[in-house]
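Asker: Encoded as structure tokens, here's the structure I'll be asking about.
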Amino acid sequence: MPSATEIIGPSSHFYVSQRLRLHYVDWGNESAPPLLLIHGGKDHARSWDPIARELRRDWHVIAPDLRGHGDSAWAIGGSYSLPDFVLDIAQLVEALELAPLTIVAHSLGGAIALHYTGVFPEKVSRLVAIEGLGPAPDLAKRLAETPVHERFSRWVIAAQELATRSPRRYASIDEAAQRMQQVNSFLPPDLARHLTIHGVARNEDHTFSWKFDNYVRAFSPVRLPAEDLHALWERISCPVLLVRGMESWASDPEKDGRAEHFSDAQLVNVESAGHWVHHDQPEVFLEAVRTFLS
């Protein structure tokens with residue numbers, strides 16, 4: 001695979017959802033079948049560059065910046081819910097007339113893709129979700145059993161604290177890239193730098209801060225009950241590939257029972273990979289995706 005520094009960039013575009021100007025990149029090859037790459041929380045569209053460059057040979061690859069991330073607008077008021085993200089993806093799919101399409105998504109992006117496909121199963125032909133199932137069943141059960149007033153009070157307190165929090169400033173790209181490697185020790189230096197270059201904005205004092213809105217850190221106090229979430233997964237009619245890093249915090253969906261809610265799903269557990277499987281083991285990930293999509 002070419003190194004991140006050899007990647008030739010895609011074209012940049014915008015669309016509108018809920019009056020927000022949202023950004024996406026297009027890797028060309030418009031005559032090929034459409035493939036949407038959806039990044040995770042506190043990430044950005046260019047996080048997919050090494051994967052997109054490989055898949056663009058056979059697919060029309062499009063990667064959006066979620067609201068509050070990358071070069072997309074921040075939500076007015078700072079509220080980021082899954083329904084809002086699902087609406088944004090629906091708007092993009094309709095604006096570009098992409099359906100039926102293939103989706104590859106990571107973490108928060110995986111959750112968005114699974115919700116979207118459960119609501120509109122006829123619009124998705126294949127889906128790859130990298131650790132997008134959310135909390136493991138035991139943690140989800142504890143969260144659901146937390147009294148509603150406690151969930152709301154925690155959210156209010158978190159939002160109030162974020163209102164007083166200034167984005168961290170880094171003296172250089174290298175300093176920010178080092179922070180990225182602290183979060184994910186599997187990242188090679190060249191990829192960490194590439195992700196950082198596209199993930200930060202220069203401040204007026206010449207320092208750098210991450211582009212994402214700090215309010216994306218506040219999780220909504222309102223969650224779908226497990227039975228509703230499972231009902232959405234059960235509506236998904238296309239083949240689904242669930243990808244998990246064996247060094248990640250995510251639990252095995254076959255062992256914990258969540259895979260049973262999909263009519264046509266297979267699981268790939270990737271060794272020596274954490275939560276960012278597509279960064280940690282890109283060759284293994286690409287092989288699994290190509291095999292699945294073929």
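The values are calculated or read from the model by the stated rules, or taken from the named source; none is laboratory data. Quantities reported herein were computed from a predicted structural model and do not represent experimental measurements. Positions of Cβ are generated from backbone atoms using ideal geometry, with glycine treated the same way; all protein chains shown enter the neighbour counts.
Asker: Being within 22 Å of residue 238 (Cα to Cα) and of a type outside the set (Gly, Ala, Ser) is the filter; apply it to segment 279-294 and report the residue that is surrounded by the fewest Cβ atoms within 10 Å (Cβ to Cβ).
Answerer: Going through segment 279-294, the residues within 22 Å of residue 238 (Cα to Cα) turn out to be 285-294.
Narrowing further to those that are of a type outside the set (Gly, Ala, Ser): 285-287, 289-293.
Details: 285: 25, 286: 16, 287: 12, 289: 23, 290: 12, 291: 10, 292: 18, 293: 18.
Per the criteria, the residue is 291.
Asker: Which of the residues belonging to segment 123-144 are farther than 13 Å from residue 250 by Cα and either among the hydrophobic types (A, V, I, L, M, F, W, C) or in contact with a Ser or Thr (Cβ under 8 Å, 6 or more places away or on another chain) (or both)?
Answerer: Taking segment 123-144 first, the residues farther than 13 Å from residue 250 by Cα are 123-128, 141-144.
123, 124, 125, 126, 127, 128, 143, 144, listed by residue number.
Asker: Among the residues of segment 76-92, is any out of contact with any Asp or Glu (no Cβ under 6 Å at 6 or more places or on another chain), under 25 Å from residue 289 (Cα atoms), surrounded by fewer than 18 Cβ atoms within 10 Å (Cβ to Cβ) and of a type outside the set (Ser, Thr, Tyr)?
Answerer: Yes, segment 76-92 contains a residue that is out of contact with any Asp or Glu (no Cβ under 6 Å at 6 or more places or on another chain), under 25 Å from residue 289 (Cα atoms), surrounded by fewer than 18 Cβ atoms within 10 Å (Cβ to Cβ) and of a type outside the set (Ser, Thr, Tyr).
Asker: Oh, and also: Scan (1) out of contact with any helix residue (DSSP H, G or I) (no Cβ under 7 Å at 6 or more places or on another chain); (2) without any contact (Cβ under 8 Å) to a residue 40 or more places away in the chain; (3) under 20 Å from residue 134 (Cβ atoms) for the single condition residue 268 breaks and write down its number.
Answerer: So the condition that residue 268 fails would be (1).
Asker: How many of the residues making up segment 21-36 are in contact (Cβ under 8 Å) with a residue 60 or more places away in the chain and closer than 16 Å to residue 99 by Cβ?
Answerer: Number satisfying all stated conditions: 5.
Asker: How many residues are part of a helix (DSSP H, G or I) and touching a residue at least 40 places away in the same chain (Cβ under 8 Å) if we restrict to segment 101-121? Step through it out loud before you land on a result.
Answerer: Of segment 101-121, the ones part of a helix (DSSP H, G or I) are 108-119, 121.
Narrowing further to those that are touching a residue at least 40 places away in the same chain (Cβ under 8 Å): 108-110, 112-115, 117-119, 121.
Residues in segment 101-121 being part of a helix (DSSP H, G or I) and touching a residue at least 40 places away in the same chain (Cβ under 8 Å): 11 in total.
Asker: Further question on the same structure: Hey, among the residues in segment 62-75 that are of a type in the set (A, V, I, L, M) and in contact (Cβ under 8 Å) with a residue 40 or more places away in the chain, which one's farthest from residue 223 (Cα to Cα)?
Answerer: Within segment 62-75, the first condition is being of a type in the set (A, V, I, L, M), and the residues that meet it are 62-63, 66, 73, 75.
Filter again for in contact (Cβ under 8 Å) with a residue 40 or more places away in the chain, leaving 63, 66, 73, 75.
Details: 63: 26, 66: 20, 73: 24, 75: 19 Å.
Only one residue fits best here, namely 63.
Asker: Another question, then. Go over the candidates 213, 205, 174, 228 one by one and state the one that is among the acidic types (Asp, Glu), in contact (Cβ under 8 Å) with a residue 40 or more places away in the chain and either more than 22 Å from residue 272 (Cβ to Cβ) or touching a helix residue (DSSP H, G or I) at 6+ places or on another chain (Cβ under 6 Å) (or both). Before the answer, list the steps.
Answerer: Numbers: 205 fails: in contact (Cβ under 8 Å) with a residue 40 or more places away in the chain; 174 fails: in contact (Cβ under 8 Å) with a residue 40 or more places away in the chain; 228 fails: in contact (Cβ under 8 Å) with a residue 40 or more places away in the chain.
Checking each option against the conditions leaves just 213.
Asker: Then there's this: With the structure loaded, tell me whether residue 98 is in a loop (DSSP other than H, G, I, E, B), closer than 20 Å to residue 121 by Cβ and not charged (D, E, K, R) or whether it fails that test. Please lay out each step first, then the result.
Answerer: Details: in a loop (DSSP other than H, G, I, E, B): yes; closer than 20 Å to residue 121 by Cβ: yes; not charged (D, E, K, R): yes.
When the stated conditions are applied, residue 98 passes them.
Asker: Considering segment 14-50 alone, what residues qualify as being farther than 28 Å from residue 187 by Cβ and either out of contact with any His (no Cβ under 6 Å at 6 or more places or on another chain) or buried (at least 23 other Cβ atoms within 10 Å of the Cβ) (or both)?
Answerer: Answer for segment 14-50, where residues must be farther than 28 Å from residue 187 by Cβ and either out of contact with any His (no Cβ under 6 Å at 6 or more places or on another chain) or buried (at least 23 other Cβ atoms within 10 Å of the Cβ) (or both): 15, 16, 17, 18, 19, 20, 21, 31, 33.
Asker: Listed residues 168, 179; which is within 29 Å of residue 284 (Cβ to Cβ), surrounded by fewer than 17 Cβ atoms within 10 Å (Cβ to Cβ) and not small (Gly, Ala, Ser)?
Answerer: Details: 168 fails: within 29 Å of residue 284 (Cβ to Cβ).
Exactly one of 168, 179 is within 29 Å of residue 284 (Cβ to Cβ), surrounded by fewer than 17 Cβ atoms within 10 Å (Cβ to Cβ) and not small (Gly, Ala, Ser), namely 179.
Asker: Return the total of residues in segment 242-265 being touching a helix residue (DSSP H, G or I) at 6+ places or on another chain (Cβ under 6 Å) and among the small types (Gly, Ala, Ser). Can you show your working first?
Answerer: So in segment 242-265, the residues touching a helix residue (DSSP H, G or I) at 6+ places or on another chain (Cβ under 6 Å) come out as 243, 245, 253, 256, 261-262, 265.
Within this subset, residues satisfying the condition of being among the small types (Gly, Ala, Ser) are 245, 265.
Final tally of qualifying residues: 2.
Asker: Now for a separate question. Do you know which of the residues in segment 194-252 that are surrounded by 15 or more Cβ atoms within 10 Å (Cβ to Cβ) and of a type in the set (Phe, Trp, Tyr) is modelled with the lowest pLDDT?
Answerer: 219
Asker: Scanning segment 101-131 for residues that are in contact with a strand residue (DSSP E or B) (Cβ under 8 Å, 6 or more places away or on another chain) and either farther than 17 Å from residue 64 by Cα or of a type in the set (S, T, N, Q) (or both), which turns out surrounded by the most Cβ atoms within 10 Å (Cβ to Cβ)?
Answerer: 117
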